[in-house]
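First the structure, in the form of structure tokens, and then the observations on it.
Derivation of every value follows stated rules applied to the coordinates shown; laboratory data play no part. Computed from a predicted model, the values in this text were never measured in an experiment. Note that we place each Cβ from the backbone using ideal geometry, even for glycine, and neighbour counts take in every protein chain shown.
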Amino acid sequence: MWCPKKLQLPSCLSSFSYTLAFLIFIPLVLVLVLVCTLGPQSSYVLSFSSSSWTWRSVGLLRSLTSYEEKDQHLQVVGLVTFNNSAKDSFSNRPGEGVEDIWKDEMNEGEKHRNETTGIVKRYNRLERVEAILAKARSSIREAARNGSMISNHEDPDYVPQGPIYRNTNAFHRSYLEMEKKFKIYVYEEGELPIFHNGPCRSIYSTEGRFIYEMEKGNMYRTKNPDEALVYFLPFSVVVMVRYLYVSGGPDSRHVIGRTVADYIHVISSRHSFWNTSLGADHFMLSCHDWGPHTTSYVPHLFNNSIRVLCNANTTEGFNPQKDVSLPEINLKTDDTIGIIGGPSPSRRSILAFFAGGLHGAIRNNLMQQWKGKDQDVLVYEELPSGESYESMLKNSKFCLCPSGYEVASPRVVEAIYAECVPVLISDGYVPPFSDVLNWNAFSVKVAVEDIPNIKKILMSISQTQYLRMQRRVKQVQRHFVMNGPSKRFDLFHMIVHSIWLRRLNIRV
């Protein structure tokens, strides 16, 4: 421990001088101690929304920076905010790019000599990873300063523009940085069918399609865990339910939770990455209703890890500051041919439409208020004979998307596919990609208590405003389409981008 030496004063100093010296010296020492202890304060660099954020630390041995939202009225996280103190000496090394750092210092602990001082510095894996993230943050921060509604970055495939984005330049720059720098390691532990596998044709199709794309490894995946920025836990809760759930038997959810806990134990025993970050740079993905509960069997998975969930319910522990809202899509075939697109607004004769079972209190409320009671707001528990669900969607201006037993509903994406303006009716639901997309520009949010006023709310939207919203639904559609193979800016890439944003905002 460092201790200050006893202060020696010349004998010629008078009592007054002696006192004066201490009055000056002691405050200086106190200020110095405070500065060294507290360090630099956080600065708010970049956000897609107007809300302000504060930083907090989580974890035990290491500081994992995160943020909390001050604006209680905003349910979704802004793009991302960064802590200037998270930068290390890599960001100040002139003339050296991120790719050079990886190439020159791939091996753990490789030496770097400062030509000025001659001091040799060893940079470990975490410092090299932080160099990647620091440069990306700086680039995104610079792009965010341009408030234009159209991105000024060149792109051969798509240039984001318009009010459907919170900040077009920041999103586009972030997306391009992700394509260049983001590397994901998929743990190879675990056997089929529960691991490395998922459903591709069902209401849980987004879970299986994402796992399939990651297993193919055409983009983002790295076989070298030392160069990864995040680590994927490739288990499927849907498949666990299929194979481990026993109806009427002991609590099968406990069996599924213990299976996940055992898997985390295996990978943390074989690899150092989980223990290093306490799971903060790891992510899992689930579209099953039991996904959130399953993660509670591993506290660090629930509290620290990035959880990509269809059931994005803030009242059940979903944290939009670190978790990702996953779109729920009910695909019955391998492609989306025939289900995307619809007639022009002038040919849509139905004001609002919904058809579905009595799942949960919100739908019961909707049925009681509107089932069979209005010619403009068509609400059915079962469709009349001869009517097609898809054709009803495509002939409606607004499509009602109430939550069921859980907050997520495939009707949100079904509406977007049919180019029908979605009407979100839920409590505590965080819509997908809300850190990037401005849902107010292309959807309508109706509070549960306003269900009796649905027609009044929709009729108050002018024809001009509706046409703008419908046009924006067509524009945002590309971000919700599952392609095989995946295409830039489609659903798979948007999910990865949401994970990338969360990784940008922590430092291990």
Starting from the Kirkwood radius over alpha-carbon pairs of the stretch 345-480, derive D by Stokes-Einstein at 10 °C in a medium of 1.306 mPa s and give it in µm² s⁻¹. 107
Please list, in order along the stretch 481-490, the HN-Hα scalar couplings obtained from phi with the Karplus expression 6.51 cos²θ - 1.76 cosθ + 1.60 (θ = phi - 60°), rounded to whole Hz, x for Gly and Pro. 8, 8, 9, x, x, 5, 10, 4, 6, 7
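Note the full-extension length gain between TYR158 and LYS456 as 0.36 nm times their separation in residues minus their Cα-Cα distance, in nm to one decimal.
Answer, rounded to one decimal: 103.5 nm.
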At what distance in nm do the modelled label points of SER296 and SER247 sit from each other, each positioned 7 Å from its Cα along Cα→Cβ? 2.5
Cβ neighbours within 10 Å, averaged per peptide: list 423-435, 266-278 in order, most packed at the top. 423-435, 266-278
Pull out the extension gain between LYS223 and SER391, defined as 0.36 nm times the separation in residues minus the alpha carbon to alpha carbon distance; nm, one decimal. 55.9 nm
Provide the gained length on full extension for the span LEU467 to GLU127, in nm with one decimal, where the gain is 0.36 nm per separating residue minus the Cα-Cα distance. 117.4 nm
How many angstrom lie between the Cα centre of the stretch 345-399 and the Cα centre of the stretch 492-508? 37
Quick one: check the C-alpha center-to-center distance for the stretch 468-487 versus the stretch 222-273, whole angstrom. 32
Between LYS487 and ASN319, take the C-beta separation as r, use R0 = 30 Å, and let me know the FRET efficiency to the nearest 0.05. 0.50
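Based on the alpha-carbon set only, what is the convex hull volume of the stretch 266-346 divided per residue, in Å³? Intermediate results must be reported in sequence, preceding the final value.
Working: hull volume 12.8 nm³, N = 81.
It is 158 Å³ per residue.
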Taking the highest mean first, how do the peptides 337-346, 282-291, 297-306 order by number of other beta carbon atoms within 10 angstrom per residue? 282-291, 297-306, 337-346
